[in-house]
1. In what sequence, largest accessible area first, do A:Phe4, B:Phe156 appear using a 1.4 Å probe?
2. After finding the eigenvalues of the alpha carbon gyration tensor for the range A:400-487, what semi-axes result from the square roots of 5 times each, listed largest first in whole Å?
3. Over what distance in Å are the Cα centres of the range A:1-58 and the range A:205-275 separated?
4. Kindly provide the GluC sites (Glu not before Pro) of the range A:50-134 that DSSP labels as loop, not H, G, I, E or B, and whose Cβ sees at most 11 other Cβ atoms within 10 Å.
5. How much mean residue ellipticity at 222 nm does chain A get from its helices, if each DSSP H run of length 4 or more adds -39500 (n - 2.57) and you divide by all residues, to the nearest 500 deg cm²/dmol?
6. Once you order the gyration tensor axes a ≥ b ≥ c over the Cα atoms, which shape class does the range A:105-145 get: rounded for a/c under 1.5, otherwise prolate or oblate by comparing a/b with b/c?
7. To the nearest 10 square angstrom, what accessible area does B:Val104 show with a 1.4 Å probe?
8. Express in % the proportion of alpha carbon pairs of the range A:127-218 at distances exceeding 15 Å.
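The values are calculated or read from the model by the stated rules, or taken from the named source; none is laboratory data. It should be emphasised that the depicted structure is a prediction, and the values quoted were computed from it without experimental measurement. Please note: Cβ atoms are built from the backbone with ideal geometry, for glycine as well, and neighbour counts cover all protein chains shown. When the accessible area is computed, the model is the full protein with side chains, heavy atoms only, and any ligands, DNA or RNA have been set aside. Shrake-Rupley method; radii C 1.70, N 1.55, O 1.52, S 1.80 Å.
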Amino acid sequence: MNYFPDEVLEHVFDFLTSHRDRNAVSLVCSLWYRVERFSRQRVFIGNCYAISPEKLITRFPGLKSLTLKGKPHFADFNLVPYDWGGYVQPWIEALAKSRIGLEELRLKRMVVSDDSLELLSRSFANFKTLVLVSCEGFTTDGLAAIAANCRFLRELDLQENEIDDHSGHWLSCFPDSCTSLTSLNFACLKGEINLASLERLVARSPNLRSLRLNRAVPLETLQKILMRAPLLVDLGTGSYVHDPDSETYNKLKTTILKCKSIRNLSGFLEVAPRCLPAIFPICLNLTSLNLSYAAGIHGSELIKLIRHCAKLQRLWILDCIGDKGLEVVASTCNELQELRVFPSDPFGVGHDAVTENGLVAISIGCPKLHSLLYFCQQMTNAALITVARNCPNFIRFRLCILDPTRPDPVTMKPLDDGFGAIVQSCKLLRRLSLSGLLTDQVFLYIGMYAEQLEMLSVAFAGDSDKGMLYVLNGCKKLRKLEIRDCPFGNMALLSDVGKYETMRSLWMSSCEVTLWGCKTLAKVMPRLNVEIINEHDQMEICAEDGQRVEKMYLYRTLVGPRKDAPEFVWNL
Amino acid sequence: MEIGSEKEKMGFEETELRLGLPGNGGSTEGEVARKRGFSETEATTMDLKLKLSSKDAGMDLNEKAKTLKKEKNLLTADTAKHHAKAQVVGWPPVRSFRKNMLAVQKGSSEESDNKASGNIAAFVKVSMDGAPYLRKVDLKTYQSYKELSVALGKMFSSFTIVPNNLIWFFNIETGNCGSQGMKDFMNESKLMDVLNSSDYVPTYEDKVGDWMLVGDVPWEMFVDSCNRLRIMKGKEAIGLAPRAMEKCMRNRS
């Protein structure tokens, strides 16, 4: 291959779409490194503090598409204070100053300001795609800037962001000349929307294939929009409430019959169940259904809806579906690949919740299942062993028992053997979340069998340092480890310090690790940032080495301690 | 003493492995403690325990029971939301965005539940076999089966096929639970007679599409699940009440 001209190499590399493949290619030799870096257009940065924007720009001058992740995963669950970091501003500034022709930006768990969005919208003439997931710090004013200035915008996708809603006028900021939209998702916005602007926007977007509305869009508008966009593939309804005997509803029924391309359905943030029959005709062809925010559909209406969806591959649902409902899913949706069952009552003990029976039924009826997120009342070893046998193809297995240290209710034993069966049977498992009563034994199983495991989430588990050691020693491909409320301490932390440079990050909170342990690690490993998050005054006054550290987050980095850390974050 | 008996009543949750303080009743929510425990919940339960023992001295039995009840209430899941300290931060691991959305939806649905007649009326079509046209009724305007039957009687009285045949239905005192009504059926074995005659029987289509006999379930449940009403001839209704039929048969023999 070394005798080919660069252009040929480049052409061959074009066929490599995954980041990992391209990363691997760049390590072969300096020639390949050079060819690869100049032809690379898409870059994924899993931790925005692992590298600097300047280094990124230097290495990949042809960059067009950038994905950045900021805060650690446990920030989703309020374990990370508000202004910990993860700001996108320095990235946009650096990119704007350079000659990079950025076209796509995808951010997850980052802090985005209106100024950042304004700068972004003005700096890149060909900007096409903005995807923001679980971000915060901006308002609809920032969206207005994007709408007004990005002349060739194709995708604006806002997923579960905390956005300050100043007004619905941002939609009107799309100029009349903007006709390039293919995807628009504003379901997470809480405020009102200019409905007329929305209708006009849809009318002049012939390539629109994905549209997810927020709660403020009523059924009348949905009907009018669908008239204009019968080629939609992905639809998220807003408010789905009307009188089923009204003319509007009847019009909707007719209009929907023309929308033969819809494969993804979501929304129903408000719903009148008696209006659901209108969507039955599209249910037959659905491959993805997200009812995880549709608290208004339950019981027999929910089951009736599901019975129409025989081709589902992805289903997100609330646990009010119950075990019986999951049995219906199991018998109806034999092509199911991904299932997420969320708690409908995250603050209390769910009386409607699902149990191990629902999961077993699913495993029998849906042998293609490879991704699971399951919030449940209880789980048994027997059920997990059965599931492991029925579904050996799991890539992601995340189990969350609402009471985090609950044992097997039948045998009163820990769930070690159940999870052990999962890791032993599912040889392709890449992501695992544990819960329930668990001893060191489960970690022994994980270390022994979970050879492909990349991400492990642990809470309230284990008896001693051995647990963590089994995992660090055994899981060669481990990239992210997050632990809370486990009795793992300095011995486990310091046993194999080199391991952390092979991983993206380690989170430990409410464990037995002390300040001394963290300091020692930081001293020995200069290419790790070891951050301590201190929310209590005690630490400031008398930071004794022997004191337990409440929250520690460490990650590998090429750029040393970050300069934007707030006061309560100590970089050791 | 009270503490012990409270514990026995608690049921399954009490047998869970836990390293929390003994003698505390209440839910699993605030109680679970690993080797290190949750500093917040330990503080709460300790406080309650101390309060209880200091009050013990001068309290009579009634007051003790009240305090225990209060303690139990404080730790039960229902009020857990109002006492953030008894919860574990970040558990269950649900994104705040999702938690907030569900809380908002819950709030608005509770509001509408509290309104007397509900936000949306429950209009259903009513058909009667042999009648030339259908009618519509708003189920939310009635409070019981009796009220409904009177209204239906009035509605269809203009036809010569008379609702007198529905008298058995009018006579049912279902009250809070349908079983009372069924008892009347079985005792008088009226159901058999009705089903074998040309009398009329009120039936309804529920949300799943099944045709059911009116009167079995509590009124509110009926209103929520009824999609349409059909007053059908007795003979055609035989298939709808197989269990009741079985019981009638057994009673007769």
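1. Details: A:Phe4 100, B:Phe156 0 Å².
From most exposed to least exposed: A:Phe4, B:Phe156.
2. 19, 14, 11
3. 43 Å
4. Listed in order of number, the matching sites amount to none.
5. Roughly -9000 deg cm²/dmol at 222 nm, from the helical runs in chain A.
6. Working: a/c = 2.10, a/b = 1.28, b/c = 1.64.
Oblate.
7. Using a 1.4 Å probe on the heavy atoms, I get roughly 80 Å².
8. The calculated P(r) of the range A:127-218 puts 55 percent of pairs beyond 15 Å.
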